[in-house]
Amino acid sequence: MNSKTERSGFRGFFEWFVHSEVTGSILLLACTVVALVWANSPWAGTYSDLLHTYIGVSWGGAEFKLSLHHWINDGLMVIFFFVVGLEVKRELVVGELSSLRKATLPVAAAVGGMVVPAMLFILLNFGGDGARGWGIPMATDIAFALGVLAVFSTRAPLGLKVFLTALAIADDLGAVAVIAIFYTNTIDIRALVVAAGLLFGLFVAIRANVRSLGVLLPLIIAFWLAVFASGIHATVAGILVAMLIPVRPRLTVDTFVREAEDFMHGLAATGDGDELVVPDTYHLNAVERHREVAADILPPGLVLEHMFHPVQVWFILPLFALANAGVTIGGDLMTVLANPLALGAIVGLVVGKPLGICLMSWLAVKTGRGVLPEGVTWGQIAGIGCLAGIGFTMSLFISDLAFDNETLIATAKLGILAASLVSGVLGFILLTRSLPKE
């Protein structure tokens, strides 16, 4: 495949990716507003009762039941993390993180955007009840961030959109590592060994090109249950399964074209009229082979990303927002936001994110390790740094993992929502001033 075709394919895929994130962010915002209004309305009791409704199965004397809130956060969010894993692997293998030269700037920016916010949070909460929430301001919500950037349409250079996307994906990878390492309380070694065995079985099946859902799906479900039982957060299972999925096609274009031509010539030579009303064994085998070859020219990771990305953006994340953004705003809101826990989230996301991103980006460029994308200015990088302060999805998720006290969770979530709003507004203002006019 020549470089021109690669650039064209990348741009088409990237535009699809950005468009889906942007349109999904509108629904995400709507569900956030609904959750906030519902949780603070006269019907707030029904909101809480619904989330604490237990659903599951029982057999004999055993049962497996989770609340609706847990099914969303520990079940559906596995699919979200699976898609995140596919995005991460795609970027690492064939995308903007696939070479040291391309990866240096967004990875350096992501590291700065994680370390500086966490340090500011720790400074404000050291020794306090909220200290365990230091991972909250490390995250970036790619849907909302791209949604704000999309407002500028063609004013925003492609390089800036790619930089934000690569930064957010590297950020997601860091957040997943933080969840797996620091927000796991106890480990059940036996369950972990079973999970490792099942993951190896999945690896063998995928490498052997097994495509039957009857084989793969039971293995994936069993692996999720084993990870859940091990004490490691179940969503990590989604990331690990995604890492096994190939993101390169199994066939080259030349091989595909050659086999397709052979199939067409063979079919034309043996065809009888315009229809194959009762195809013989030769025709059936030839068509089946052609179908397999057509499937092999498409990277499995990309196919699954196209399949699950809309489910994640338009179903899973809105449900997550509906289940997690419903914070009761009681008493003096300013007093709550002045609490070190909420203040840590606000300062970390609003101040720490752009500061860390700009500082590390500047160091990467200054040392010659990285280069600014074409047409991108430092003012625009500052605007992107502010947009990266929209933590939302991953920040809300980490707040639930960090605390088991409802008051602390509510305080953290109010800080996250306030910080995300302020970051989005600041990013919009900075980009309005720094991007070229229409």
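Worth pointing out:
- Pairs over the 25 Å Cα-Cα cut-off, from the set LYS161/LYS413; LYS89/LYS366; LYS161/LYS437; LYS102/LYS161; LYS413/LYS437; LYS161/LYS353: LYS161/LYS413; LYS89/LYS366; LYS413/LYS437.
- Euclidean distance between Cα centres, the stretch 357-381 to the stretch 199-227, Å: 42
- Between PHE200 and ALA338, the simple spin-label model (points 7 angstrom out along Cα→Cβ) gives 5.9 nm.
- Between VAL204, VAL194, VAL371, the GNM of the chain built on Cα springs shorter than 10 angstrom shows VAL204 fluctuating the most.
- As a fraction of the 1.4 Å probe accessible area of the chain, surface on carbon and sulfur atoms comes out at 68 percent.
- Potential extension, LEU421-TYR54 segment - 0.36 nm per residue separation minus Cα distance: 128.8 nm
- The GNM of the chain, with springs linking C-alpha atoms under 10 angstrom apart, assigns the highest mean-square fluctuation among GLY330, GLY128, GLY391 to GLY330.
- Calculated on the Cα set of the stretch 314-383, radius of gyration then Dmax: 18.2, 52 Å.
- The Rg/Rh ratio for the stretch 285-438 is 1.14, where Rg is the radius of gyration of the alpha carbons and Rh is the Kirkwood radius.
- For the chain, a Gaussian network of Cα nodes joined below 10 Å ranks ALA177, ALA418, ALA139 by mean-square fluctuation, and the top entry is ALA177.
- Residue-wise HN-Hα couplings along the stretch 332-346, as the Karplus relation 6.51 cos²θ - 1.76 cosθ + 1.60 with θ = phi - 60° gives them from phi, are 8, 4, 5, 5, 5, 5, 7, 4, x, 5, 5, 5, x, 5, 5 Hz; Gly and Pro carry x.
- Gain on full stretching of the segment that runs from THR407 to THR252 - 0.36 nm per residue minus C-alpha separation: 50.2 nm
The values are calculated or read from the model by the stated rules, or taken from the named source; none is laboratory data. Everything numeric in this text was worked out from a predicted model, so none of it was measured. All Cβ positions, even for glycine, are placed from backbone atoms using ideal geometry, and neighbour counts span all protein chains on display. SASA here: full protein model, heavy atoms, side chains in, ligands and nucleic acids out. Shrake-Rupley method; radii C 1.70, N 1.55, O 1.52, S 1.80 Å.
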